[in-house]
Amino acid sequence: MWSHAFDRRILSISSHRNKTAFGCEDGWIYLFDSCGLLWSKKLISTYYRGPFTDVNVLSVDVSDEFVVAGTDFADGKVHLFRLDGGRVWERQLMSYLGCWERPEDVKFVRIDDDRIAAVAGFMEDRLYIMGVDGEIESVEGLGTFIRCMDLGEIIALGGDDGSYVHDGKLRRLDFPSKDVVVVDDWAVFVKRDGIVSTLGWSFEAESPKVSASSKIVAVASGRRVWTFEADGGKVEEIVFEENVVDLRVVEDRLVVATEDRIYLNGDSIDLSNVFKLCDGGALIREGMVVRYLELW
């Protein structure tokens, strides 16, 4: 368990195994393991001078080897660090309008073993696919603003004007989405009124939250949680006493956080102020103080 008092607003969070990364206002990145803070760094713009040096870390992701971060237009870069905090490289992403240039807002970043996907843009968003060596492999114009992105064997993106899957080529799906979860070579898109799986099924629910593994898709809405097989076969419906704050499928086990409790494997723990479930436990926030509690 650890506790940390942040003195700036958290803009992005990512967890992988026992590591949790935070991207914050004013250029700060933090990496924790289950015992506490490993390192923190402040990024400063090298593009602007004078008063325009306050960088916001809009996006962050962590893998077995790296932490990747994306910054706003004050910097407009993808930054890659080793887990020990050593910088590997940084890559400038720029939009050009005639003879005028502007660093892009790097809104989403995801990393796996051998590639990084980033969504960035100014007047419209673009999908950048690059290797862990920093070389850009492809750039796809999306023609709209993107709200979510996830990476597995495929890349899935969602926005107000449509959703997309990139599996070697970019394909547009004719529905908007506000969140997405990728599992291997399929995805579950989250809409305002339900979910849509690329495996060919959907489910209606108001303002749903979703977590998934290769075997289980879990959907929460209000006080209810439904579990499905990957092909859409319904397994179970559970009704809780309080609204569900977050849920997570961990190695095919379902963990549910409500307003006052966490439910795991038939047991429950009194725990309030949970705002995010991670791979190994829960993040609890009280004001600017964030605590991590390892639970499984």
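Would you pick out the residues in segment 134-153 that are touching a residue at least 12 places away in the same chain (Cβ under 8 Å), among the acidic types (Asp, Glu) and in a loop (DSSP other than H, G, I, E, B)?
Once the filter is applied, which keeps residues that are touching a residue at least 12 places away in the same chain (Cβ under 8 Å), among the acidic types (Asp, Glu) and in a loop (DSSP other than H, G, I, E, B), segment 134-153 yields only GLU153.
Looking at segment 66-89, which of its residues are free of Cβ contacts under 8 Å to residues at least 40 places away in the same chain and either out of contact with any Lys or Arg (no Cβ under 8 Å at 6 or more places or on another chain) or among the acidic types (Asp, Glu) (or both)?
ASP72, ALA74, ARG82, GLY86, ARG87
What number goes with the only condition from (1) among the hydroxyl-bearing types (Ser, Thr, Tyr); (2) at pLDDT 95 or above; (3) closer than 23 Å to SER12 by Cβ that SER197 does not pass?
(3)
Here is a list: ASP72, ASP26. Which entry is surrounded by 15 or more Cβ atoms within 10 Å (Cβ to Cβ), farther than 20 Å from ALA282 by Cβ and in contact with a Leu (Cβ under 6 Å, 6 or more places away or on another chain)?
On the way: ASP26 fails: in contact with a Leu (Cβ under 6 Å, 6 or more places away or on another chain).
Of the residues listed, the single one that is surrounded by 15 or more Cβ atoms within 10 Å (Cβ to Cβ), farther than 20 Å from ALA282 by Cβ and in contact with a Leu (Cβ under 6 Å, 6 or more places away or on another chain) is ASP72.
How many of the residues in segment 6-59 are in contact with a helix residue (DSSP H, G or I) (Cβ under 9 Å, 6 or more places away or on another chain) and part of a strand (DSSP E or B)?
7
Considering only segment 154-193, state which residues are of a type in the set (Lys, Arg) and farther than 18 Å from VAL210 by Cα. Working first, answer last.
Kept after step one, since they are of a type in the set (Lys, Arg), are these residues of segment 154-193: 169, 171-172, 178, 191-192.
If the condition is that a residue be of a type in the set (Lys, Arg) and farther than 18 Å from VAL210 by Cα, then LYS169, ARG171, ARG172 are the ones that fit.
Could you tell me which of the residues LEU283, LEU199, LEU247 is assigned to a strand (DSSP E or B), free of Cβ contacts under 8 Å to residues at least 60 places away in the same chain and not β-branched (Val, Ile, Thr)? Give the derivation first.
Details: LEU283 fails: free of Cβ contacts under 8 Å to residues at least 60 places away in the same chain; LEU199 fails: assigned to a strand (DSSP E or B).
None of the other options fit; the residue is LEU247.
Mind checking which residues of segment 218-273 are aliphatic (A, V, I, L, M) and in contact with a Ser or Thr (Cβ under 7 Å, 6 or more places away or on another chain)?
Pass one, segment 218-273, residues aliphatic (A, V, I, L, M): 218-220, 225, 230, 235, 238-239, 244-245, 247, 249-250, 254-257, 262, 264, 269, 271.
Answer for segment 218-273, where residues must be aliphatic (A, V, I, L, M) and in contact with a Ser or Thr (Cβ under 7 Å, 6 or more places away or on another chain): ALA218, ALA230, VAL235, VAL244, VAL245, LEU247, VAL249, LEU254, ILE262.
Would you point out the residue of segment 170-196, among those that are assigned to a loop (DSSP other than H, G, I, E, B) and on the phi < 0 side of the Ramachandran plot, that is surrounded by the most Cβ atoms within 10 Å (Cβ to Cβ)?
Restricting attention to segment 170-196, the residues satisfying the condition of being assigned to a loop (DSSP other than H, G, I, E, B) are 174-178, 184-185, 192-193.
Keeping just the survivors that are on the phi < 0 side of the Ramachandran plot gives 174-178, 185, 192-193.
Details: ASP174: 7, PHE175: 14, PRO176: 16, SER177: 25, LYS178: 16, ASP185: 12, ARG192: 11, ASP193: 10.
Only one residue fits best here, namely SER177.
Among the listed residues LEU80, LEU11, which satisfies the condition of being within 18 Å of the chain's Cα centre (by Cα), among the aliphatic types (A, V, I, L, M) and more than 22 Å from ILE284 (Cβ to Cβ)?
Numbers: LEU11 fails: more than 22 Å from ILE284 (Cβ to Cβ).
Residue meeting the stated conditions: LEU80.
For segment 112-132: of the residues being loosely packed, with under 11 Cβ neighbours inside 10 Å and without any contact (Cβ under 8 Å) to a residue 40 or more places away in the chain, which is nearest to TYR96 (Cα to Cα)? Please lay out each step first, then the result.
Of segment 112-132, the ones loosely packed, with under 11 Cβ neighbours inside 10 Å are 113-114, 123.
Those left that are additionally without any contact (Cβ under 8 Å) to a residue 40 or more places away in the chain: 114, 123.
Values: ASP114: 29, MET123: 10 Å.
Among them, the one singled out is MET123.
So which residues in segment 263-280 are part of a loop (DSSP other than H, G, I, E, B) and within 18 Å of the chain's Cα centre (by Cα), if there are any at all? So that I can check it myself, show each step before the final result.
If we filter segment 263-280 for residues that are part of a loop (DSSP other than H, G, I, E, B), which is where we start, we get 265-266, 271-273, 278-280.
Across segment 263-280, the qualifying residues are CYS278, ASP279, GLY280.
Quick check: is even one residue across segment 156-165 within 19 Å of the chain's Cα centre (by Cα), farther than 19 Å from ALA205 by Cα and assigned to a loop (DSSP other than H, G, I, E, B)?
Checked against the condition, which is being within 19 Å of the chain's Cα centre (by Cα), farther than 19 Å from ALA205 by Cα and assigned to a loop (DSSP other than H, G, I, E, B), segment 156-165 yields no hits at all.
Against the condition charged (D, E, K, R) and more than 19 Å from the chain's Cα centre (by Cα), how does ARG147 come out, does it pass? Don't jump to the end; show me each part of the working.
Numbers: charged (D, E, K, R): yes; more than 19 Å from the chain's Cα centre (by Cα): no.
When the stated conditions are applied, ARG147 does not pass them.
Within segment 140-160, does at least one residue satisfy the condition of being among the hydroxyl-bearing types (Ser, Thr, Tyr), in contact with a strand residue (DSSP E or B) (Cβ under 9 Å, 6 or more places away or on another chain) and modelled with pLDDT of 95 or more?
No, because not a single residue in segment 140-160 is among the hydroxyl-bearing types (Ser, Thr, Tyr), in contact with a strand residue (DSSP E or B) (Cβ under 9 Å, 6 or more places away or on another chain) and modelled with pLDDT of 95 or more.
For the structure I just gave you, tell me whether SER3 is in a strand (DSSP E or B), of a type in the set (S, T, N, Q) and more than 18 Å from PHE81 (Cα to Cα). Full working, then the answer.
Numbers: in a strand (DSSP E or B): yes; of a type in the set (S, T, N, Q): yes; more than 18 Å from PHE81 (Cα to Cα): yes.
The answer is yes for SER3.
The values are calculated or read from the model by the stated rules, or taken from the named source; none is laboratory data. Quantities reported herein were computed from a predicted structural model and do not represent experimental measurements. Ideal geometry is used to build each Cβ from the backbone, glycine not excepted, and the neighbour counts take in all protein chains shown.
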